[in-house]
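The values are calculated or read from the model by the stated rules, or taken from the named source; none is laboratory data. Just so it is clear, the model here is predicted, and its values are computed rather than measured. Glycine also receives a Cβ, built like all others from the backbone with ideal geometry; neighbour counts cover every protein chain displayed. In case anyone asks, the SASA skips ligands and DNA or RNA and just uses the protein heavy atoms, side chains included. Shrake-Rupley method; radii C 1.70, N 1.55, O 1.52, S 1.80 Å.
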Amino acid sequence: MATDLHELLRSLRVWDPEVTELPVFAPEAAPGEPLPLFTAWFAEAVAAGEREPHTMTLATADEEGLPDARIVMLHGADADGWSFATHATSRKGHQLAARPYASLTFYWPVHGRQIRVRGPVSAAPAREAQADLHARSTGALAAALTGRQSEVLGSLEELARVSQSAWEAAQEDPTAESPTWTLYHLHPDEVEFFQGDERRRHVRLSYRRDGAGWAKVLLWP
């Protein structure tokens, strides 16, 4: 097995036609708003067997404007925006408090598709955040009850003890609340849909806020 980074990189192929069938995207037929197209592409990614299509990159900036990014889970997308959750006391929570603006990126290689969403972010009411949390698994509740996200950890043994206690609490009371758990809504100013093409004639369709509606423009790949 090759272990040299440069050798490994040279051995990789993007959208190999032997394993990937890239759909044709006709932007002129796209709906007037981005959410229906996002929903359609998401459903197609699920149907095609894309692993964890609901994971996305969340990019934020700190008080000094320095960028940060991590993978989080999409909790929903509707008229309120694209939603995700975290502790308000986490690193991303502090960054969103300082600069309430973010971007999301989805990448679904099974179809060579990428979606970028960016705009201002707001926190949902606490009751909405707790309801969203309680609709999820015991493991998700236990993780939220563990808390301390982004704090310095003394040891893995300490993590195991606190996590076990949180699991027991979640199993004993499925409605237990995590005070710092926060549901965020990103209200998009721009949503871009990227469809890869084997000849590198990638199609990029950008929806941009235009008053109460949306304007659609094509971008050079």
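So here's what we get for this one:
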quantity: Boolean, Glu44 is touching a Pro at 6+ places or on another chain (Cβ under 9 Å), open to solvent by 60 Å² or more (accessible area, probe 1.4 Å) and touching a residue at least 24 places away in the same chain (Cβ under 8 Å); calculated: yes
quantity: Top-ranked residue in segment 199-221 [being out of contact with any helix residue (DSSP H, G or I) (no Cβ under 8 Å at 6 or more places or on another chain), part of a strand (DSSP E or B) and of a type in the set (Lys, Arg); ranked as least open to solvent (accessible area, probe 1.4 Å)]; calculated: Arg204
quantity: Selection within segment 164-195 - without any contact (Cβ under 8 Å) to a residue 60 or more places away in the chain and among the polar types (S, T, N, Q); calculated: Gln164, Ser165, Gln171, Thr175
quantity: All helices (runs of 4 or more DSSP H) inside segment 98-198 with 1 or more residues being open to solvent by 70 Å² or more (accessible area, probe 1.4 Å), among the acidic types (Asp, Glu) and more than 27 Å from Pro53 (Cα to Cα); calculated: 156-172
quantity: Residues being within 30 Å of Thr20 (Cα to Cα) and either of a type in the set (Gly, Ala, Ser) or modelled with pLDDT under 95 (or both) - total across segment 84-110; calculated: 3
quantity: Candidate set from segment 60-84 (those that are among the β-branched types (Val, Ile, Thr) and farther than 14 Å from Asp132 by Cβ); member that is surrounded by the fewest Cβ atoms within 10 Å (Cβ to Cβ); calculated: Ile71
quantity: Pairs with Cβ under 6 Å, 6+ apart, first in segment 196-213 and closer than 15 Å to Glu28 by Cα and β-branched (Val, Ile, Thr), second part of a strand (DSSP E or B) and open to solvent by 100 Å² or more (accessible area, probe 1.4 Å); calculated: none
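Every residue, every condition in (1) within 25 Å of the chain's Cα centre (by Cα); (2) among the aliphatic types (A, V, I, L, M), yes or no:
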position: Ala160; (1), (2): no, yes
position: Ser163; (1), (2): yes, no
position: Ala166; (1), (2): no, yes
position: Ala169; (1), (2): no, yes
position: Glu172; (1), (2): no, no
position: Leu186; (1), (2): yes, yes
position: Val191; (1), (2): yes, yes
position: Gln195; (1), (2): yes, no
position: Arg199; (1), (2): no, no
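Here is a yes/no grid of residues against (1) out of contact with any helix residue (DSSP H, G or I) (no Cβ under 9 Å at 6 or more places or on another chain); (2) in a loop (DSSP other than H, G, I, E, B); (3) open to solvent by less than 40 Å² (accessible area, probe 1.4 Å); (4) in contact (Cβ under 8 Å) with a residue 24 or more places away in the chain:
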{"position": "Met1", "(1), (2), (3), (4)": "yes, yes, no, no"}
{"position": "Leu8", "(1), (2), (3), (4)": "yes, no, no, no"}
{"position": "Pro31", "(1), (2), (3), (4)": "no, yes, no, no"}
{"position": "Arg51", "(1), (2), (3), (4)": "yes, yes, no, no"}
{"position": "Thr86", "(1), (2), (3), (4)": "no, no, yes, yes"}
{"position": "Thr89", "(1), (2), (3), (4)": "yes, yes, no, yes"}
{"position": "His94", "(1), (2), (3), (4)": "yes, no, no, yes"}
